[in-house]
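Beneath this line is the structure, given in structure tokens, with notes to follow.
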Amino acid sequence: MSERTKVVDKAISSPTTTRDATTEISKVGVITVAAFGVVVGLWSLACIVGGMAASGGPLAFVGDWFKAVTGM
């Protein structure tokens, strides 16, 4: 009985924690994808603001966009 108790105590009181390599790689992947998404979002916002400035306002921007898409 004392041997069994020692094994259980040893298994429960193990202070070592190890991180799985796949978990760390997944974290890096998620952070990379999120950062890329933020960069693309900021770039698209800058393009829209630049297009509005070049067109002369939001309504002119939408009109110019429809003209460009339809070819009129």
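The values are calculated or read from the model by the stated rules, or taken from the named source; none is laboratory data. Predicted model, so just to flag it, every value in this text is computed and none were measured. Cβ: placed from backbone, ideal geometry, glycine included. Neighbour counts: every protein chain shown.
Descriptive notes on the structure:
- Candidate set: the range 49-61, residues that are part of a helix (DSSP H, G or I) and loosely packed, with under 13 Cβ neighbours inside 10 Å; chosen: the one nearest to the chain's Cα centre (by Cα): Val49
- In the range 19-41, the residues that are part of a loop (DSSP other than H, G, I, E, B) and among the basic types (Lys, Arg): Arg19
- Criterion applied to Ser2, Ser13, Ser55, Ser26 was being on the phi < 0 side of the Ramachandran plot, at pLDDT below 95 and touching a Phe, Trp or Tyr at 6+ places or on another chain (Cβ under 6 Å), and the one residue passing it is Ser55.
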